[in-house]
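Participant: I'd like to ask you about the structure that follows.
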Amino acid sequence: MDASLQKRVSHGALLFAVLAVCLAILATVLLANDQKHLKSLLTYLNLAPAIYSAEQPPKVKPVKRQKLAAKKVDLPHHLLKFEKTGDRASFARDFVLSGKDLCDRFTTKGFSNLEGWHASPVNIRNFECIADLVEENAATPAERASLFLEIRGEASGEIRSIRMKAVAPKTPDGAAIRAKLNDALALIIGQTRWADLAAMLEPANGMQAYQAQHFGISVSVKPEPTAPHRMNVILLANEQSPGLKLTRSFFDRGQWLPAASASDRPVVYNSVEKNRVR
């Protein structure tokens with residue numbers, strides 16, 4: 001064999017042996033510790049996904065919740081009253097003019113009224129107007145004709161009832177009182193603008209019984225059984241039906257929640273007010 005060829009073969013064998021030893025050492029290093037270094041190398045070369053060790057989260061002690069003190073809230077008792085099944089609010093009406101104005105109008109019509117619209121001596125929370133009209137041409141007390149008026153209500157002027165008592169015998173004075181009674185009822189009808197009340201004019205003028213109830217106002221015309229020339233006329237704002245009670249309770253300001261104080265009301269900014277004007 002040629003000396004040069006033999007020399008090249010010996011050098012290749014030596015190089016192969018060195019490479020084999022290096023690869024063995026490298027494999028040993030990479031595969032040691034459960035291939036830890038191999039995995040790190042692959043991760044560095046982006047040849048395998050990174051593997052992270054899962055660490056247990058630190059234990060946290062549970063915090064005991066403190067019970068909050070209950071805050072007491074006072075509500076009006078009527079707010080907890082629920083509507084019963086079947087009861088529905090219905091249309092209701094009241095006397096739309098004040099007791100003082102109606103009392104003054106009767107005074108201008110000739111009724112004698114010394115105190116006007118004043119607090120009742122029995123209950124100062126109620127107000128009343130008491131007036132009468134007497135014909136002085138009777139020959140005897142039995143023929144004396146008169147018309148008595150009583151208006152009751154509240155200090156605000158709200159009217160709750162109107163009562164009239166007519167004593168009208170079959171004399172010229174009695175005819176004059178019946179005419180005054182008709183004028184007084186017409187005045188009430190005109191001031192309240194309730195045309196349905198006009199149905200009581202004819203029975204009242206004829207001293208006949210009549211009774212009706214419309215939208216919370218009852219009308220009663222009743223001659224006295226023992227004295228037909230004596231007659232009572234009563235107009236009353238009543239609350240008998242459940243529907244009327246619900247309606248009047250809703251509009252009763254005494255049962256409303258109080259208005260919020262100035263500090264509790266929402267602030268209206270200038271920009272909002274400008275937008276409202278636009």
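The values are calculated or read from the model by the stated rules, or taken from the named source; none is laboratory data. Keep in mind that this is a model prediction, so the values were computed, not measured. In this analysis, Cβ positions are derived from the backbone assuming ideal geometry, glycine residues included, and neighbour counts consider all displayed protein chains. Quick note on the areas: whole protein, heavy atoms, side chains included, nothing else; ligands and nucleic acids left out. Shrake-Rupley method; radii C 1.70, N 1.55, O 1.52, S 1.80 Å.
Participant: Rounded to whole Hz and in sequence order, give me ³J(HN,Hα) for region 190-204 from the Karplus expression 6.51 cos²θ - 1.76 cosθ + 1.60, θ = phi - 60°, writing x for Gly and Pro.
Facilitator: x, 6, 7, 6, 9, 5, 5, 6, 4, 5, 8, 5, 5, x, 5
Participant: Which of the GluC sites (Glu not before Pro) found in region 121-187 are in a DSSP loop and have at most 13 neighbouring Cβ atoms, other than their own, within 10 Å?
Facilitator: On the way: sites: E128, E135, E136, E143, E150, E154, E158; in loops: E136, E158.
Sparse-neighbourhood loop GluC sites (Glu not before Pro): E136.
Participant: Calculate one ³J(HN,Hα) per residue across region 16-22 by plugging θ = phi - 60° into the Karplus curve 6.51 cos²θ - 1.76 cosθ + 1.60, and present them in order as whole Hz with x for glycine and proline.
Facilitator: With coefficients 6.51, -1.76 and 1.60, one gets 5, 5, 5, 4, 4, 5, 4 Hz.
Participant: Ignoring ligands, DNA and RNA, what percent of the 1.4 Å accessible area of region 129-200 is carbon and sulfur? Can you show the working numbers first?
Facilitator: On the way: 1700 of 3330 Å².
The value for region 129-200 is 51 percent carbon and sulfur by accessible area.
Participant: Could you give each residue of region 230-237 its phi-based ³J(HN,Hα) in whole Hz, using Karplus coefficients 6.51, -1.76, 1.60 with θ = phi - 60°, and x for Gly or Pro?
Facilitator: 9, 9, 10, 10, 10, 10, 9, 8
Participant: Here is a further query. Using a 7 Å offset from the Cα along the Cα-to-Cβ direction at both V73 and E154, what is the distance between the two label points in nm, to one decimal?
Facilitator: 2.8 nm
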